[in-house]
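One structure is given below, encoded as structure tokens.
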Amino acid sequence: MIRFDDSGLISLRPREQFGKGQFLWAAFGRQGGVSEGPFSSLNVGYHLGDDGNHVTDNRVLIARSLSLPPDSLVAAQQVHGSTVAVVDESDRGRGAASWEGALAQTDAMVTAARQTFLMLVVADCAVLTFFDPVVPAIGIAHCGWRGMIAGLGQKTVETMHATFGSRPEDLKLIISPSIGPCCYEVGEAVLSPLRAAYSDWRSLIRESGNRIRLDLWQMARRQALDSGLQSANIFAAEICTACHTDLFYSHRAEGSNTGRFAVLAGIL
Ligand SMILES: [Zn+2]
């Protein structure tokens with residue numbers, strides 16, 4: 001298992017004290033689990049064709065590696081939408097060990113509840129995790145191109161402000177490993193809504209010949225700055241999942257027959 005906090009690739013440690021809050025954040029790669037074949041081995045996504053018992057075992061493994069009770073996780077039925085759910089103690093354990101129990105039609109979650117660990121599962125998409133050290137509170141958002149263009153990161157910040165009184169200037173953001181501007185080639189289906197949403201859309205892409213690649217990391221940064229975050233509070237792993245299929249699952253590099261890795265965060 002990989003925890004980037006241990007390897008120094010990201011500047012936040014697994015348990016970090018900011019202000020009043022002590023937070024946990026971890027991204028797991030694909031190694032160290034029990035799934036087999038294309039799901040080898042730490043797949044945490046149900047409904048992909050993997051053995052559900054293996055998925056449950058993998059979720060228990062990641063929780064235990066962080067010394068968390070497995071039923072303290074909260075998971076979502078992610079649909080590349082733009083719904084932000086407000087989570088409290090009563091939601092703890094939802095979707096921790098089953099697809100059916102997870103929050104329906106949800107791609108972002110916010111909470112001020114302690115010991116309630118919000119988990120998203122991805123294979124290329126970026127997970128944006130916001131930490132408010134003052135309230136304290138957290139928010140987590142699953143953003144592929146649809147979520148980015150829908151402004152799901154901004155919506156998550158707005159929900160934290162409206163629900164908990166979080167001030168954007170206090171927030172810290174971690175951008176998880178995800179498909180990078182080296183590999184994320186896109187066509188008109190993405191470029192057309194991108195141009196409509198951003199007048200300076202060219203700053204969010206890289207062009208070489210007729211190939212255009214989207215820069216999700218730059219989009220996440222840009223949206224966070226637009227939301228009022230301070231540049232010094234934005235941390236990006238900047239590790240491309242498609243370039244590193246030994247370490248991560250990548251839908252773009254491996255096709256649909258692959259697993260999902262976990263990104264989770266909580267207030268201790
Ligand atoms: Zn790449």
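Below, the figures for the structure above:
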{"quantity": "Wholly within region 96-185, strands (runs of 3 or more DSSP E) carrying at least 1 residues that are over 12 Å from the mean Cα position of the chain (by Cα), away from the ligand (no atom under 16 Å from the Cβ) and among the charged types (D, E, K, R)", "calculated": "126-132, 172-175"}
{"quantity": "Every residue from region 77-109 that is of a type in the set (S, T, N, Q) and free of Cβ contacts under 8 Å to residues at least 12 places away in the same chain", "calculated": "90"}
{"quantity": "Yes/no for residue 261 being in contact (Cβ under 8 Å) with a residue 12 or more places away in the chain, within 12 Å of the ligand (Cβ to nearest atom) and closer than 22 Å to residue 108 by Cβ", "calculated": "no"}
{"quantity": "Qualifying residues in region 208-221 (those that are out of contact with any Leu (no Cβ under 7 Å at 6 or more places or on another chain) and in a helix (DSSP H, G or I)) - the one surrounded by the most Cβ atoms within 10 Å (Cβ to Cβ)", "calculated": "216"}
{"quantity": "Residues satisfying the stated conditions in region 248-258, i.e. surrounded by fewer than 15 Cβ atoms within 10 Å (Cβ to Cβ) and either in contact (Cβ under 8 Å) with a residue 24 or more places away in the chain or among the hydroxyl-bearing types (Ser, Thr, Tyr) (or both)", "calculated": "256, 257"}
{"quantity": "Cβ pairs under 6 Å, 6+ apart, first in region 53-74 and assigned to a helix (DSSP H, G or I), second among the polar types (S, T, N, Q) and surrounded by fewer than 16 Cβ atoms within 10 Å (Cβ to Cβ)", "calculated": "72/115"}
{"quantity": "Subset of region 186-195 (residues that are surrounded by 15 or more Cβ atoms within 10 Å (Cβ to Cβ) and either within 14 Å of the ligand (Cβ to nearest atom) or more than 24 Å from residue 139 (Cβ to Cβ) (or both))", "calculated": "190, 191"}
{"quantity": "Of all residues in region 227-247 being surrounded by fewer than 14 Cβ atoms within 10 Å (Cβ to Cβ) and more than 17 Å from residue 29 (Cβ to Cβ), the one that is farthest from the ligand (Cβ to nearest atom)", "calculated": "232"}
{"quantity": "Filter pass, residue 210 being away from the ligand (no atom under 14 Å from the Cβ) and touching a strand residue (DSSP E or B) at 6+ places or on another chain (Cβ under 8 Å)", "calculated": "no"}
{"quantity": "Those residues of region 196-207 which are of a type in the set (A, V, I, L, M) and either in a loop (DSSP other than H, G, I, E, B) or within 16 Å of the ligand (Cβ to nearest atom) (or both), in sequence order", "calculated": "205"}
{"quantity": "Flag for residue 172 being among the charged types (D, E, K, R), touching a residue at least 12 places away in the same chain (Cβ under 8 Å) and in contact with a helix residue (DSSP H, G or I) (Cβ under 6 Å, 6 or more places away or on another chain)", "calculated": "yes"}
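Where a number appears in this text, it was derived from the coordinates with a stated rule and is not lab data. Quick caveat, the model's predicted, so the values are computed rather than measured. When we count neighbours, we look across all protein chains shown, and the Cβ atoms used for this are built from the backbone with ideal geometry, even at glycine.
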